[in-house]
Amino acid sequence: FRIMLNRKEKELKQREENRQYENGRLLKRLKECPNRAFKNYLKHHHIKTIAVYGAGAVGKELIKQLNPSIPVDYIIDKFEGGKKLGEIPILQLRFDFLPEVDAVIITPCHELEFIQFQLCNYYSNNCKFLALDALLDSIL
């Protein structure tokens, strides 16, 4: 039993290290990205209203990069619901009504498939789910 517990602890530690590495990499790429690149991409794809999934360091940096020229309607976060980031409300999937937007930019790329699966239950087929990592790949 103790061997299984140690293995699980190692898996969790490795997952957390991978998440921190990924967040650091995304933060660096975000800081290199000019605001106009986001604006051009969103305009080209007819995206006028957006939400950001993730209120952690990467989500905050993304919002900083987007504002003020690209307004964020709201942030979705599984831990921070009911709060605000500046004037932007933070909503939770299970507890809040999520107004329709043209796109949701997903910042925790390590959980991308699971988050996309969850979001499908809340939005119409017209809403685009954009992984921040892939978004940066296409605009940098």
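Quick notes
- Taken together, Phe95, Phe129 contain a single residue that is open to solvent by 20 Å² or more (accessible area, probe 1.4 Å), touching a residue at least 24 places away in the same chain (Cβ under 8 Å) and among the aromatic types (Phe, Trp, Tyr), which is Phe129.
- Every test in (1) β-branched (Val, Ile, Thr); (2) closer than 19 Å to Glu22 by Cα; (3) modelled with pLDDT under 95 is passed by Ile106 save one, and that test is (3).
- Scanning region 17-33 for residues that are in contact with a Leu (Cβ under 8 Å, 6 or more places away or on another chain) and under 12 Å from Ala57 (Cβ atoms) yields Leu26, Leu30.
- Within region 98-122, the set of residues being open to solvent by 20 Å² or more (accessible area, probe 1.4 Å) and either of a type in the set (Lys, Arg) or closer than 10 Å to Ala51 by Cα (or both) comprises Pro99, Glu100, Asp102.
- Only listed residue being among the polar types (S, T, N, Q) and either in contact with a Lys or Arg (Cβ under 6 Å, 6 or more places away or on another chain) or touching a residue at least 24 places away in the same chain (Cβ under 8 Å) (or both), chosen from Asn6, Asn67, Asn23: Asn23
- Some residue of region 60-75 being aliphatic (A, V, I, L, M), modelled with pLDDT under 90, over 17 Å from Leu140 (Cα atoms) and open to solvent by 40 Å² or more (accessible area, probe 1.4 Å): no
The values are calculated or read from the model by the stated rules, or taken from the named source; none is laboratory data. It should be emphasised that the depicted structure is a prediction, and the values quoted were computed from it without experimental measurement. Here Cβ is always computed from backbone atoms with ideal geometry, including for glycine, and neighbour counts include all displayed protein chains. For accessibility, only protein heavy atoms count, side chains too; no ligands or nucleic acids. Shrake-Rupley method; radii C 1.70, N 1.55, O 1.52, S 1.80 Å.
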